[in-house]
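First the structure, in the form of structure tokens, and then the observations on it.
Since every read-out is calculated from the coordinates, none of them should be taken as a lab result. All of these numbers come straight from a predicted model, not from anything done at the bench. Glycine gets a Cβ as well: all are built from the backbone with ideal geometry, and neighbour counts include every protein chain shown.
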Amino acid sequence: MALPQFKQDATDARLDAVTVPDGAAWLTQARKDAMTRTATMGLPHRRDEYWKYTDPATLVAADAPAAEVLDDDDAIFSDANPLTLVFVDGVFDAAASDDLKGENLEIGCLAEAGAQDIHWAKDLYGVLELAGQNPVQRPLASLNTATATDGVMIRATGPVDRPICLRYRRKESAADAVLHHVVRVEAGAKVTLLETGSAAARLSTVTEVSVADGGEFHHVRQQGRDHARRMNTHTFARIGEGSVFKSFTLSLNGVLTRNDCVIDMLGDDAVAHVAGACVGDGEGFHHDDTVFITHDALRGESRQVFKKVLRNGAVGVFQGKILVKEGAQKTDGYQISQSLLLDDDSQFLAKPELEIYADDVACSHGSTSGAISEEALFYLRSRGVSEKAATNLLTLAFLAEALEEIADEGLADDLRDRLAGWLDRHAG
Amino acid sequence: MLEIKGLKVDLEEEEKSILKGVDLTVGAGEVHAIMGPNGSGKSTLSYVLSGKDGYEVTEGSATLDGADLLDMEPEERAAAGLFLAFQYPVEIPGVGNMTFLRTAVNAQRKARGQDELSAGDFLKEVRARAKDLKIDAEMLKRPVNVGFSGGEKKRNEILQMAMLEPKMCILDETDSGLDVDAMKLVSEGVNALRSEGRSFLVITHYQRLLDHIKPDVVHIMSNGRIIKTGGPDLALEVENNGYADLLAEAE
Ligand SMILES: Nc1ncnc2c1ncn2[C@@H]1O[C@H](COP(=O)(O)OP(=O)(O)OP(=O)(O)O)[C@@H](O)[C@H]1O
Ligand SMILES: [Mg+2]
């Protein structure tokens with residue numbers, strides 16, 4: 001079917017401006033296929049159902065709008081002593097990174113893996129992304145598959161004790177960075193992935209995660225701090241029996257963030273939690289979490305917990321879906337999205353969806369928008385706490401439920417401290 | 001210490017006058033009690049003194065050691081030494097009681113130009129004070145007042161008061177919801193804080209609290225005014241005869 005003209009034009013303009021990088025035959029094939037489906041689907045437009053609340057124009061445009069570079073927060077996650085991979089302007093920097101080795105771990109970068117004729121990532125690269133195009137099309141993800149220049153390939157064959165941290169650094173010049181990560185957690189294996197940094201004025205990441213039976217994948221990320229940066233991320237996960245998938249995202253700056261997370265729960269007794277905390281300040285700030293969890297097995301437990309604090313005209317979006325397929329009995333699905341609006345100019349738009357084809361399930365969802373409690377504020381102030389400090393305390397309290405989703409206490413505390421520091425520095 | 005003169009207060013939202021000219025002076029080291037029928041304006045007085053929104057002072061003044069209270073933000077009043085034990089303490093989900101106490105103590109110390117208490121010193125202090133009030137450690141870990149029983153909330157107010165060491169303490173019906181033993185405990189807590197430089201304004205409906213916390217002066221408030229002031233005997237009179245005679249006398 002032909003695309004509408006406005007879409008065709010926008011898609012052509014962008015696709016003309018990108019190049020498909022070189023690589024071994026398997027990768028080249030995956031990229032070409034992805035390019036073909038991108039062209040067929042067309043890049044997203046405000047008129048698309050899942051882009052109604054977020055205008056993708058600046059993500060689609062041929063040129064990335066400029067964004068000034070802020071100093072990177074190199075201290076974050078350092079207490080966890082992670083195996084660190086540094087990407088500068090979207091390119092792996094071996095000299096700045098740790099030695100790529102660890103127990104129960106095969107790890108390398110895409111540029112290197114993609115030059116090899118045979119690589120395990122072949123079975124996943126672009127494969128989970130393709131599976132995640134149905135029933136909702138995600139053309140920015142296939143564009144990423146087609147054009148990603150680098151990324152990390154992680155294969156955990158047993159418990160990996162040391163977290164793996166991706167630090168995205170940025171030089172002034174970097175306009176676009178396109179990173180594509182592949183994570184394969186084998187049966188009974190376990191790995192933690194951390195991410196931080198802006199990478200570019202406009203960053204696109206796709207992370208494909210396959211968790212085999214009994215495996216565990218933990219993901220904690222802090223999204224880049226550059227004030228004017230734009231970012232669209234996709235996580236595609238396929239998880240097996242008795243496996244665990246947990247992902248948490250903290251966003252404090254940036255003008256545009258769109259995080260898509262697509263999880264297929266294929267094995268019985270699997271657990272999938274996706275959570276996010278975001279604080280948006282200012283008229284340009286727009287933050288969108290779009291989640292699609294499919295229960296396709298027995299006794300799956302899924303949680304979506306998203307909290308946004310919005311002020312000075314910031315906009316927050318949550319689109320979350322729980323799809324329970326026929327036969328996915330005893331599913332336990334929970335979804336909550338809440339916003340704390342610190343003034344009348346800010347806005348929260350939520351679209352929670354449940355679609356259930358099994359009869360013995362427990363699913364609940366809720367979405368609220370509220371202001372700070374005047375009662376609580378006065379109580380705190382009457383004890384001598386300044387209005388600003390009291391507001392911050394109540395803001396942290398509001399976000400606490402989302403941060404509690406982080407399994408590792410040390411990582412959770414690290415993010416809590418950063419959040420508190422950020423709130424302290426930003427006047428209300 | 002506390003000097004209130006001709007204080008008149010309206011509600012901000014609707015045209016309704018609540019306090020219709022309150023005069024009250026509490027000297028240093030004194031304990032004053034305020035009694036009075038429901039809805040007479042006792043809590044309103046305590047809120048207006050501590051700076052709650054929603055009220056409009058149309059006339060009069062309130063000073064603490066000469067400083068104009070009505071001109072200060074709530075946190076400045078607290079730093080100046082004013083403390084209100086709420087009739088209905090507020091629940092704050094997500095904020096730990098310990099974090100709350102420590103933030104409050106250090107905010108006030110900072111406002112007064114003192115160093116912050118170290119985590120260790122603070123902990124020692126809280127534990128000791130909590131023990132006196134039979135508040136267990138578990139309760140301190142929970143979010144502020146969330147899931148606390150009525151009596152536990154009131155004891156938590158007194159714990160805050162003990163930690164903050166204010167000079168002017170207003171207790172709004174701290175006795176309501178307390179069992180007999182808890183009332184004794186709380187009273188002992190209050191009495192332990194009594195000193196030359198610290199004054200109390202105790203709002204209550206019952207003589208029983210005043211058996212424990214002996215007031216120097218008792219005021220009767222009705223319809224937004226202090227209609228009678230006397231010694232401890234006045235409280236006994238209310239206990240025995242109710243307000244009818246006093247109200248009639250004031251008419
Ligand atoms: N925010 C408000 N909105 C409407 N009415 C109010 C408000 N605050 C106080 N009032 C009214 O003002 C009057 C005095 O209330 P207040 O709470 O001060 O009484 P009180 O003496 O403390 O009573 P009690 O003994 O029952 O605690 C009451 O009639 C009350 O309904
Ligand atoms: Mg009252």
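Compare A:Asn81, A:Asn144, A:Asn392 in a GNM of chain A, Cα atoms joined below 10 Å, and give the one with the largest fluctuation. So, out of A:Asn81, A:Asn144, A:Asn392, the one fluctuating most is A:Asn81.
Between A:Ala131 and A:Asn104, what length comes free when the chain is fully extended (0.36 nm per residue of separation minus the Cα-Cα distance, one decimal in nm)? The partial results should precede the final answer.
Details: separation 27, 0.36 × 27 = 9.72 nm, distance 2.78 nm.
Gain in length upon complete extension: 6.9 nm.
Peptide packing: for A:47-59, A:92-104, the average count of neighbouring Cβ atoms within 10 Å per residue gives the ranking A:47-59, A:92-104, highest mean first. Between A:Ala358, A:Ala212, A:Thr147, the Cα set farthest toward the positive side of the dipole of the range A:5-372 (charges on each charged residue's Cβ, about the Cα centre) is that of A:Ala358.
If I take all pairs of Cα atoms in the protein assembly as shown, what percentage of them are more than 47 Å from each other?
Details: 75213 of 230181 pairs.
Counting every Cα pair in the protein assembly as shown, those more than 47 Å apart make up 33 percent.
Between A:Asp344 and A:Ala66, what is the FRET efficiency for a Förster distance of 25 Å, r being their Cβ-Cβ separation, to the nearest 0.05? Mind dumping the intermediate values first?
Details: r = 31 Å, r/R0 = 1.23.
Efficiency, from the Cβ-Cβ distance: 0.20.
Selection among B:Ala78, B:Phe122, B:Leu11 by position relative to the dipole of chain B gives B:Phe122 as farthest towards the positive end (Cβ unit charges, Cα centre).
3J(HN,Hα) couplings calculated from phi for the range A:37-43 with the Karplus curve 6.51 cos²θ - 1.76 cosθ + 1.60 (θ = phi - 60°) are, in sequence order, 6, 4, 5, 5, 6, x, 6 Hz; Gly and Pro show x.
Comparing Cα centroids, the range A:38-110 and the range B:154-172 end up 52 angstrom apart. Remark: the range A:57-74, residue by residue, has Karplus-estimated 3J(HN,Hα) of 3, 6, 7, 8, 3, 4, 10, 6, x, 5, 8, 5, 8, 9, 4, 6, 8, 6 Hz, where x stands for each Gly or Pro and the curve is 6.51 cos²θ - 1.76 cosθ + 1.60 at θ = phi - 60°. If R0 is taken as 41 Å, the Cβ-Cβ distance between A:Ala95 and B:Lys124 corresponds to a FRET efficiency of 0.25.
Rounded, prolate or oblate: pick one for the range A:5-372, where a ≥ b ≥ c are the square roots of the eigenvalues of its C-alpha gyration tensor, a/c under 1.5 means rounded, and failing that, prolate if a/b is larger than b/c, else oblate.
Details: a/c = 1.26, a/b = 1.03, b/c = 1.22.
Rounded is the answer for the range A:5-372, as its axis ratio a/c remains below 1.5.
Annotation: amide H of A:Glu216 within the under-5 Å range of A:Ala189, A:Lys190, A:Val191, A:Val244, sequence separation 5 or more or interchain, hydrogens built in the peptide plane.
Over all alpha-carbon pairs in the range B:171-251, figure out the percentage whose distance exceeds 19 Å. Spell out each step's value before the answer.
On the way: 1285 of 3240 pairs.
Within the range B:171-251, distances greater than 19 Å cover 40 percent of Cα pairs.
Scalar couplings 3J(HN,Hα) for the range A:132-145, obtained by applying the Karplus form with A = 6.51, B = -1.76, C = 1.60 to θ = phi - 60°, are x, 7, 10, x, 10, 6, 10, x, 5, 6, 5, 4, 5, 4 Hz; x denotes Gly and Pro. Between the range A:236-307 and the range A:342-372, how many Å separate their Cα centres? Using only Cα atoms, the two centres lie 14 Å from each other.
Zone of A:Asn312 (label point 7 Å along Cα→Cβ, backbone N under 14 Å): which residues in the range A:398-422? Only A:422 pass the distance filter. Shielding by partners for peptide A:369-382, expressed as the average number of C-beta atoms from other protein chains within 10 Å of each residue's C-beta, is 6. The charge dipole of chain A, taken about its Cα centre with unit charges on the Cβ atoms of Lys, Arg (+1), Asp and Glu (-1) only, comes to about 680 debye.
Available extension along the chain between A:Gln329 and A:Ala187 is 48.7 nm, counting 0.36 nm per residue and deducting the alpha carbon span.
In units of the compact-protein estimate 2.2 N^0.38 Å, the range A:35-161 shows a Cα radius of gyration of 1.28.
The H on the amide N of A:Phe348, modeled in the peptide plane, is under 5 Å from the matching H of A:Gly316, each at least 5 residues off or on a different chain.
Shielding by partners for B:75-87, please: the mean number of other protein chain Cβ atoms within 10 Å of each residue's Cβ. List each step's numbers first, then the result.
Details: counts 11, 3, 3, 6, 2, 1, 1, 2, 3, 3, 0, 4, 0.
Per residue, the number of nearby Cβ atoms from other chains is 3 on average.
Please label the shape of chain B as rounded, prolate or oblate, based on the square roots a ≥ b ≥ c of the eigenvalues of the alpha-carbon gyration tensor (a/c under 1.5 means rounded; beyond that, a/b larger than b/c means prolate, else oblate). Verdict is prolate for chain B. Relative contact order for chain B: 28 percent, from Cα pairs under 8 Å spaced at least 6 residues apart, divided by residue count.
In this structure, the amide hydrogen of B:Arg225, modeled 1.01 Å from its nitrogen in the peptide plane, lies closer than 5 angstrom to those of B:Lys20, counting only residues at least 5 positions away or on a different chain. As a ratio to 2.2 N^0.38 Å, the alpha-carbon radius of gyration computed for the range A:40-82 takes the value 1.88. Computed over the range A:1-89, the range of Cα coordinates on each principal axis works out to 52, 38, 23 Å, biggest value leading.
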